[in-house]
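The values are calculated or read from the model by the stated rules, or taken from the named source; none is laboratory data. Predicted model only: the values in this text are computed from it and were never measured. Positions of Cβ are backbone-derived with ideal geometry, glycine not excepted, and every protein chain shown enters the neighbour counts. These accessible areas exclude ligands, DNA and RNA; they are computed on the full protein's heavy atoms, side chains included. Shrake-Rupley method; radii C 1.70, N 1.55, O 1.52, S 1.80 Å.
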Amino acid sequence: MKILNIIFRIVLGLLIITPILGVTGMFPAPTADMYNSIEAFAFIEIIMASGYITWIMALVFAASLVLIIMNRMALVALLILPITVNIVAFHAFLDGGLFTSGAIMGNVLFLLNLYFLWQNRLQYKSLWQK
């Protein structure tokens, strides 16, 4: 189980690096052919044009990457949960569904997030108490 946990941490770290590199310009800008609907691409264009949303996401992922290295997975799972939910929702509602090629990374990120939330569920117990 410990080896599986390490493998999942490495995969999560690699997935988290992607948006950080995207903001720094390491990847080309998204194009319409990358998405399954006009609405999905329009949404991405709006997010990219705003400028701040991608930077905030990259900062959250950079902080999460540092926390992964520090083995603070309970905090990482909570920190990236809103972003992963929104990635999955974007693909489910705007980009043609959860089983499209563009949704694979988001689905893996979400499943890894759920795994770490479950692994650390006892640490969250105090959050539900008065």
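Restricting region 38-49 to residues that are of a type in the set (Gly, Ala, Ser) and without any contact (Cβ under 8 Å) to a residue 24 or more places away in the chain leaves a set whose member that is surrounded by the most Cβ atoms within 10 Å (Cβ to Cβ) is ALA42. Do we find a residue being out of contact with any Pro (no Cβ under 8 Å at 6 or more places or on another chain), modelled with pLDDT of 90 or more and part of a loop (DSSP other than H, G, I, E, B) anywhere in region 48-71? The answer is yes; a qualifying residue exists.
The residues of region 73-100 that are in a loop (DSSP other than H, G, I, E, B), touching a helix residue (DSSP H, G or I) at 6+ places or on another chain (Cβ under 8 Å) and either among the polar types (S, T, N, Q) or open to solvent by 20 Å² or more (accessible area, probe 1.4 Å) (or both), listed by number, are LEU94, GLY96, LEU98, THR100. For region 101-126, the set of residues classified as farther than 23 Å from SER37 by Cα and open to solvent by 50 Å² or more (accessible area, probe 1.4 Å) consists of LEU111, LEU114, TRP118, GLN119, ARG121, LEU122, GLN123, LYS125, SER126, listed by residue number.
So that you can scan it fast, the table gives a plain yes or no per residue for (1) surrounded by fewer than 13 Cβ atoms within 10 Å (Cβ to Cβ); (2) out of contact with any Ser or Thr (no Cβ under 9 Å at 6 or more places or on another chain):
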| residue | (1), (2) |
| --- | --- |
| ALA32 | yes, yes |
| ASN36 | no, no |
| TRP55 | yes, yes |
| ALA63 | no, yes |
| ILE68 | no, yes |
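For region 1-47, the set of residues classified as of a type in the set (Ser, Thr, Tyr) and assigned to a helix (DSSP H, G or I) consists of THR18 only.
Under 9 Å by Cβ, and 6 or more places apart or on different chains, what pairs join a residue from region 1-29 that is over 15 Å from LEU65 (Cα atoms) and touching a residue at least 40 places away in the same chain (Cβ under 8 Å) with one that is open to solvent by less than 70 Å² (accessible area, probe 1.4 Å) and in a helix (DSSP H, G or I)? Every condition considered, the pairs that remain are ASN5/MET73; ASN5/TYR115; ASN5/PHE116.
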